[in-house]
1. Per the helix-only calculation at 222 nm, which mean residue ellipticity applies to the chain, given -39500 (n - 2.57) for every DSSP H run of n ≥ 4 and division by its residues, nearest 500 deg cm²/dmol?
2. Regarding the range 2-215, what's the average projected area of the Cα-atom convex hull, expressed in nm²?
3. To the nearest 0.05, what FRET efficiency results for D67 and I182 with a Förster distance of 45 Å applied to their C-beta separation?
4. Once you list every other residue whose beta carbon is under 13 Å from the beta carbon of H192, what net charge do they have if Lys and Arg are +1 and Asp and Glu are -1?
5. Scan the chain and note any complete DSSP helix (H) whose C-alpha atoms cover at least 15 Å along its axis and whose Kyte-Doolittle average is -1.0 or more.
6. Under 15 Å from the Cβ of Q150, count the other residues' Cβ atoms, weight Lys and Arg +1, Asp and Glu -1, and hand me the total.
7. Classify the range 1-99: rounded, prolate or oblate, from the alpha-carbon gyration tensor (a ≥ b ≥ c, eigenvalue square roots; a/c under 1.5 rounded; otherwise prolate if a/b is larger than b/c)?
8. Within 10 Å of each candidate Cβ there may be at most 13 other Cβ atoms; applying that plus a DSSP loop requirement, which trypsin sites (Lys or Arg not before Pro) in the range 4-113 survive?
Amino acid sequence: MLEELLNGNIEKKTITQIYGPPGVGKTNICIISMLKAIENGKNVVYIDTEGSLSIERIKQLSGKDCDELLKNIIIYEPSSFEEQSEALEKIFLLENVGLIIIDGIVSLYRLELCDKINENTKLNRMLGKQISNLLKVSRQKNSGILITNQVKDSINGIEPAGGRLLEYWSKSIIKIEKSESIRKLTLEKHRHAKEGENLRFKILQNGLEIINKSYQ
Ligand SMILES: Nc1ncnc2c1ncn2[C@@H]1O[C@H](COP(=O)(O)OP(=O)(O)OP(=O)(O)O)[C@@H](O)[C@H]1O
């Protein structure tokens, strides 16, 4: 799905970010990207911070029994932002990693934000360290990085959460929105594909159906 919009695979050694409101289809796209990487003979690390990953959904989208596929998926389910940092450290020890997915990169971070400035500074430092580790491990393994992000309100409507740091280090940024059953992906930032390109699709039981691709 993302390949059609990016005119190629998810780039290796950089962060591709997809952001949008709840229930819009971010996890579905993560699963499709994961299945593609496995099809290409790679293992996938899936860091599920919100309990979004469903084995049943993997089964539906792959059309296969999951037992074989699960051998190629390393799932982490951190319950704190610190555990998320620890999960990233573990990837350095894994073999044949083609794609690292963090579904909800700042969900736990946002949950832990509070009114104590010291605590928030610590969380920000941890986010910086996580981004640095992600880039380091992806260079070491020659793997892609796909993260999903929540939205926050801004004067222009909505924008990705996680601040400038995450925006700067995400070399591809894709917005996803929904109107009734139609989803729209828009390429907002990319190093070598046309920004503003968009793709409309539907989520079906057994896959994602592309409706059209256009440039506006
Ligand atoms: N079998 C299915 N057939 C059709 N649509 C489905 C099926 N399974 C899930 N969906 C649709 O997928 C959508 C949820 O997508 P997804 O979980 O990818 O969203 P998300 O953006 O990751 O949400 P969140 O941020 O809350 O985790 C829902 O609209 C749901 O109806």
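Readers should treat all values here as calculations from the given coordinates under stated rules, not as data from a laboratory. Note that this is a predicted model, so its numbers are computed, not measured. Note that we place each Cβ from the backbone using ideal geometry, even for glycine, and neighbour counts take in every protein chain shown.
1. Mean residue ellipticity at 222 nm (helix-derived): -11000 deg cm²/dmol.
2. 11.8
3. That gives a FRET efficiency of 0.85.
4. +1
5. Helices meeting the span and hydropathy rule in the chain are 26-39, 81-91, 117-141.
6. Taking every other residue near Q150 into account, the sum is -3.
7. Rounded, since a/c falls under 1.5.
8. Hits after loop and neighbour filter: K64, K71.
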